Amino acid sequence: MKKIAIAAAMVAGLALAGCEAKVTEEGEMPSVDVDVSGDAGNLPEVEVDTADVEVGTEEVTVEVPDVDVKMPSEE
């Protein structure tokens with residue numbers, strides 16, 4: 001379970017590091033006046049290009065060494 005969480009964090013980090021955002025239109029704040037009209041301002045338009053990430057699994061066999069543990073005898 002811990003390995004899956006680490007892998008998910010790494011994929012999320014790569015996805016965030018691999019995106020590029022470009023502001024295509026500057027935003028403006030609404031004019032603040034006591035007599036406010038219908039002019040509510042304008043939010044900026046942003047284009048975001050993210051990286052293409054392919055995630056998969058692969059089954060691997062790992063040889064584990066045989067370890068003999070000799071405990072000291074109890075006296």
Being at pLDDT below 85, loosely packed, with under 10 Cβ neighbours inside 10 Å and under 30 Å from Val11 (Cβ atoms) narrows Thr57, Thr24, Thr61 down to just Thr24
Which ones in the stretch 42-54 are surrounded by 10 or more Cβ atoms within 10 Å (Cβ to Cβ), assigned to a loop (DSSP other than H, G, I, E, B) and either without any contact (Cβ under 8 Å) to a residue 40 or more places away in the chain or of a type outside the set (Val, Ile, Thr) (or both)? Pro44, Thr50, Ala51
Residues that are of a type in the set (A, V, I, L, M) and modelled with pLDDT of 80 or more, drawn from the stretch 30-54: Val46, Val48, Ala51, Val53
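The values are calculated or read from the model by the stated rules, or taken from the named source; none is laboratory data. It should be emphasised that the depicted structure is a prediction, and the values quoted were computed from it without experimental measurement. No Cβ is skipped: glycine too gets one built from the backbone with ideal geometry, and neighbour counts run over all protein chains shown.
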